[in-house]
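K.L.:
Could you have a look at this structure, given as structure tokens, before my questions?
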């Protein structure tokens, strides 16, 4: 009778790892450090097979995700290697033992050397970007519950590919030549028709500029309408990326509180009656999701007319309204409203498309075309032509209807799961519009700490306080659901519950 081959047992034992549950350091980080120390010290020699993530999690009484996080970090740094169907092993060549490539000597500047000269705008942008990374960078790697992303799985890739191929076959010569910096005219015509019927926007194709998303739109507005030091109303809490663009332009930001009726126009006038520009998200305020009331809409337009100021209306996700029809745009409420209106396809189709639109008053068209010409001249011509076909052949409207149904179902699932798994820790309810929900924390709980614990568990849940300027109040976590598969919504809620408990 043939002898059975003895299996090689994993050498890693849980008793060799010491974790401190009372430590402020996340458990996945403690496990990573303990494993790395054992490997570098030789207690886990090269070639040692480790326990599976499930087995180690059971022995240490940890979640499997905590162990997986530590293993993943060690794999990415080269301390571990994975062998398909066999397991995870200590690498034979450790990073510390790998000879460093020879490099030319680098001259170290003296302490008295001055920093490289950059402009005030460059310094402002660098500071704003550093703050953005520090605030949100820790929570954007995970899919659950990532903000601002549509469902990539539901993108009509095959249809888009066919339209793309057809356009290239028919008009590649036109695509390869320079286009109008204002944008592809048939696309502007299609957009003018769509905005008139779906959003009540008053414009012709000659008032539309095709831009590379809403960020370029606000950048062009700042270049054309603002001088350094000009006061600008911004929502508080509000969209901090747009605020960074305005800061870089030298604007003086006036943080205006937002309540259940949206931007408080009366408070804004008291704070800065002579502001040059007001930036608003009236249909679905980011991040609170409230709608600017009709009374305040009229008050805002009257202030702009009276003060010779302008309103920048960011209509970033108005297609996703789950109760009734989408609200009419602020731009179309009155004739000759002093409003610049922008929308983007990043939230409806995919962020990688990098296409949006800016509707400007007729008297500003030539100036904005000049600004676009000196910016980057044009958006991608081929994508503009494909998007034109996607809209005019009815695919866009059908896609929006499908996504509206899908996102409503995901929102309902998120509310159900949070109420079951996080009762007493997060208060959540459905919203009429948008792609994320606010999960309100108990009074006194710090939302930044909660976001850090969620990030340690692999969950993206930015804190509401990260979007606040001068205002304060109850803490909350922002939970995006549009991009998250339904199975991951349930799993993400369970992991978030473990992190917060």
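K.L.:
Quick one: which of 10, 46, 101 is modelled with pLDDT under 80, surrounded by 14 or more Cβ atoms within 10 Å (Cβ to Cβ) and over 29 Å from residue 459 (Cα atoms)?
P.N.:
Exactly one residue qualifies, and that residue is 10.
K.L.:
Looking at the stretch 169-187, which of its residues are assigned to a helix (DSSP H, G or I), within 30 Å of residue 326 (Cα to Cα) and touching a residue at least 60 places away in the same chain (Cβ under 8 Å)?
P.N.:
Of all residues in the stretch 169-187, those assigned to a helix (DSSP H, G or I) come to 169-176, 185-187.
Still in the list and also within 30 Å of residue 326 (Cα to Cα): 185-187.
Across the stretch 169-187, the qualifying residues are 186, 187.
K.L.:
I'd like the residue in the stretch 443-470 that is within 17 Å of residue 68 (Cβ to Cβ) and either free of Cβ contacts under 8 Å to residues at least 40 places away in the same chain or not in a helix (DSSP H, G or I) (or both) and, out of all such residues, is farthest from the chain's Cα centre (by Cα).
P.N.:
457
K.L.:
Please find, among 390, 396, 377, 368, the residue that is more than 17 Å from residue 479 (Cα to Cα), surrounded by fewer than 15 Cβ atoms within 10 Å (Cβ to Cβ) and either in the same structural domain as residue 207 (by TED's automatic domain parsing) or in contact (Cβ under 8 Å) with a residue 40 or more places away in the chain (or both). Please lay out each step first, then the result.
P.N.:
Working: 390 fails: surrounded by fewer than 15 Cβ atoms within 10 Å (Cβ to Cβ); 396 fails: surrounded by fewer than 15 Cβ atoms within 10 Å (Cβ to Cβ); 368 fails: surrounded by fewer than 15 Cβ atoms within 10 Å (Cβ to Cβ).
Residue meeting the stated conditions: 377.
K.L.:
Mind checking which residues of the stretch 230-248 are more than 15 Å from residue 214 (Cβ to Cβ) and modelled with pLDDT under 95? Show your work before the answer.
P.N.:
Residues of the stretch 230-248 more than 15 Å from residue 214 (Cβ to Cβ): 230-233, 236-237, 247-248.
Result: 247, 248.
K.L.:
OK, next. Could you go through the stretch 242-255 and let me know if any residue there is part of a strand (DSSP E or B) and either at positive phi or outside the structural domain of residue 225 (by TED's automatic domain parsing) (or both).
P.N.:
Narrowing the stretch 242-255 to residues part of a strand (DSSP E or B): 252-255.
With either at positive phi or outside the structural domain of residue 225 (by TED's automatic domain parsing) (or both) added as a condition, the list becomes none.
Checked the stretch 242-255: no residue is part of a strand (DSSP E or B) and either at positive phi or outside the structural domain of residue 225 (by TED's automatic domain parsing) (or both).
K.L.:
State all residues of the stretch 203-236 that are in a loop (DSSP other than H, G, I, E, B) and crowded, with 19+ Cβ neighbours inside 10 Å; if no residue qualifies, say none.
P.N.:
Scanning the stretch 203-236 gives 203, 212, 213, 226.
K.L.:
Just wondering, is there one or more residues in the stretch 164-180 that are crowded, with 16+ Cβ neighbours inside 10 Å, under 28 Å from the mean Cα position of the chain (by Cα) and at pLDDT 90 or above?
P.N.:
Looking for residues that are crowded, with 16+ Cβ neighbours inside 10 Å, under 28 Å from the mean Cα position of the chain (by Cα) and at pLDDT 90 or above, one finds at least one in the stretch 164-180, hence yes.
K.L.:
Pick from the stretch 64-89 the residues that are at pLDDT 80 or above and outside any helix (DSSP H, G or I): which of them is surrounded by the most Cβ atoms within 10 Å (Cβ to Cβ)?
P.N.:
80
K.L.:
Right, here's the next one. Just to be sure before I move on: is residue 280 at pLDDT 95 or above and either under 24 Å from the mean Cα position of the chain (by Cα) or closer than 28 Å to residue 185 by Cα (or both) in the structure I sent?
P.N.:
In short, yes.
The values are calculated or read from the model by the stated rules, or taken from the named source; none is laboratory data. Predicted model only: the values in this text are computed from it and were never measured. Note that we place each Cβ from the backbone using ideal geometry, even for glycine, and neighbour counts take in every protein chain shown.
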